[in-house]
Amino acid sequence: MIKYALKRFKIRDQLSADFLKAISLAEKTVLAFLLIVLVFVFIKKIGLTDAFLVGGVIGGTIGFLAVTAKKMYHNEAFSELKIHADIKQDMLMSAILAINYSEKKYGVYYPKKRIFSIFHYCKSEVITHKAQNGIHIFTGPHNRLLKLSNIILRGPN
């Protein structure tokens, strides 16, 4: 029987492991704010409104911040996956490729497209793999590890 456990870390643990993730949230929020301002300036210029809608800018920014924070700290939360099974290296590589990751160093897999920041990779979007006494330990984003575990546990089709 194959056993596995997927643990999502708390926000303070995520931030202590990867402070760049907080900077990425601020970076995305500033960019979204600027784009929302441009949209509302454009709406005023073409005459859809008589005044610049400050409430729309603030509401749009707060909404974006809430959705992005949930995605970063819950859906793609820094997590740990432990699988008690014998995983073949070729099966692991095909599973990693199936979730759009590639190996940069042995046991370290990077996404083909950045998840959190548009300027840099965060530590918590990288999947790392360690094998100890028949237990395979993966760390990385929660949803990606969930997909990885489903592919590994389903086995080759």
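Exactly one residue out of HIS84, HIS136, HIS142 is touching a residue at least 40 places away in the same chain (Cβ under 8 Å) and within 21 Å of ALA22 (Cα to Cα): that is HIS142. Restricting attention to segment 70-111, the residues that are part of a strand (DSSP E or B), among the aromatic types (Phe, Trp, Tyr) and within 18 Å of PHE9 (Cβ to Cβ) total 1.
Of the residues making up segment 115-126, at least one is free of Cβ contacts under 8 Å to residues at least 24 places away in the same chain and either assigned to a strand (DSSP E or B) or of a type in the set (A, V, I, L, M) (or both).
Looking only at residues in segment 1-23 that are outside any loop (DSSP other than H, G, I, E, B) and among the aliphatic types (A, V, I, L, M), the one that is surrounded by the most Cβ atoms within 10 Å (Cβ to Cβ) is LEU20.
Within segment 34-52, is there a residue that is within 30 Å of ALA131 (Cβ to Cβ), crowded, with 18+ Cβ neighbours inside 10 Å and either in contact with an Asp or Glu (Cβ under 7 Å, 6 or more places away or on another chain) or among the aliphatic types (A, V, I, L, M) (or both)? Among the residues of segment 34-52, not one is within 30 Å of ALA131 (Cβ to Cβ), crowded, with 18+ Cβ neighbours inside 10 Å and either in contact with an Asp or Glu (Cβ under 7 Å, 6 or more places away or on another chain) or among the aliphatic types (A, V, I, L, M) (or both), which makes the answer no. Taken over segment 89-120, the criterion of being over 23 Å from VAL67 (Cβ atoms), surrounded by 12 or more Cβ atoms within 10 Å (Cβ to Cβ) and either touching a Cys at 6+ places or on another chain (Cβ under 7 Å) or of a type in the set (D, E, K, R) (or both) is satisfied by GLU103 alone.
Okay, residues lined up against (1) more than 20 Å from the chain's Cα centre (by Cα); (2) of a type in the set (D, E, K, R); (3) closer than 30 Å to ALA32 by Cβ:
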residue	(1), (2), (3)
ARG114	no, yes, yes
CYS122	no, no, yes
VAL126	no, no, yes
HIS129	no, no, no
ASN133	yes, no, no
PHE138	no, no, no
HIS142	no, no, yes
LEU145	no, no, yes
LEU153	yes, no, no
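Taken together, the values in this text are just the output of simple stated rules run on the coordinates, not laboratory data. If you're wondering where the values come from, they're calculated on a predicted model, not measured in any experiment. Please note: Cβ atoms are built from the backbone with ideal geometry, for glycine as well, and neighbour counts cover all protein chains shown.
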